[in-house]
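J.: The structure's right below; bear with me while I get my questions together.
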Amino acid sequence: MNGMENKYVAELIERLENAEIWKDNKEKCVDYTAGMEFLTDRFEGHKKSGSRVFFIGNGGSAAIASHMTADFMKNGGMNTYSLYDNAVMTCMGNDYGYENIFSRPLEFLGKENDLLVAVSSSGNSANIINAIKVAKGKGMDVITFTGFKPDNRAKQMGSVNVYVASEKYGVVESIHNLMLQQIVDLILDRDGGGI
């Protein structure tokens, strides 16, 4: 059992250290440290400007999105907004289809310079892609966290794109969660709150 556990942890660390952070899919950050610095600065820019931040995802990524909505508000001091109210989600799904559960609320709530953080292992879910389209149409900033195939749709659409080269949900989701948690902890540390 120890050999299997060590192999899993070793793969997780290797995939984390090699996570790709792209600026508009044109320039890749040179390494993990530089990428995390860039991401943290990007989130801090939104904090300073008072932008609203929307996190979205499905399944395990929805749990990450919900968790980060709370952490970036409480620990990061940011203006986060949850799209996970049960009545709203079921209303949007019923009236507009599941593929629009995030895009329709963003049509009402999103404003120019707000931030959409789209977390999706596959990067190909219709509701994620539709939300990114709406956000971009409104002049919002979009940061994607994806995995699986390097040519996934969401990865091609964000202003900043984080990509984990793995097709294992557990690995991709764990790394997305860890990176987002590190960003909020770095913001807290920069604000003098400590980690």
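Every read-out reported here was derived from the displayed coordinates using simple, explicitly stated rules and does not represent laboratory data. Computed from a predicted model, the values in this text were never measured in an experiment. Cβ coordinates were reconstructed from backbone atoms using ideal geometry, including for glycine residues, and neighbour counts include every protein chain displayed.
J.: Which whole-Hz ³J(HN,Hα) couplings does the stretch 8-17 yield from phi under the Karplus relation 6.51 cos²θ - 1.76 cosθ + 1.60, θ = phi - 60°, glycine and proline marked x?
T.: 3J(HN,Hα) across the stretch 8-17, in whole Hz: 5, 5, 4, 5, 4, 5, 4, 5, 5, 5.
J.: As a test of the formula, what do you get for the chain when each DSSP H run with n ≥ 4 contributes -39,500 (n - 2.57) and the sum is divided by the residue count, at 222 nm and rounded to the nearest 500 deg cm²/dmol?
T.: -17000 deg cm²/dmol
J.: Considering only DSSP beta bridges with both partners in the stretch 20-190, what is the antiparallel share in %, to the nearest 5?
T.: Of those bridges, close to 25 percent are antiparallel.
J.: Rounded to the nearest Å, what's the spacing between the alpha carbon centres of the stretch 1-75 and the stretch 112-170? Just the number, please.
T.: 12
J.: OK, next. So what is the relative contact order of the stretch 136-189, in percent, for Cα pairs below 8 Å that sit 6 or more residues apart? Provide the component values of the computation, followed by the final result.
T.: Numbers: 57 pairs, mean separation 15.7, N = 54.
After rounding, I find 29 percent.
J.: Nearest 0.05, what FRET efficiency do C91 and D191 give at R0 = 35 Å with Cβ-Cβ as r?
T.: 0.45
J.: Which whole-number percent is the relative contact order of the chain (Cα, under 8 Å, 6+ apart)?
T.: 23
J.: Ok, one more. Once you have the Cα-Cα distance between E20 and A126, take 0.36 nm times their residue separation minus that, and quote the gain in nm to one decimal.
T.: 35.9 nm
J.: In whole Å, what are the Cα extents of the stretch 20-190 along the three principal axes, biggest one first?
T.: Ordered largest first, the stretch 20-190 gives principal extents of 44, 34, 27 Å.
J.: Which of the residue pairs K47/K138; K26/K168; K47/K133; K138/K168 have a Cα-Cα distance greater than 28 Å in the structure shown?
T.: K138/K168
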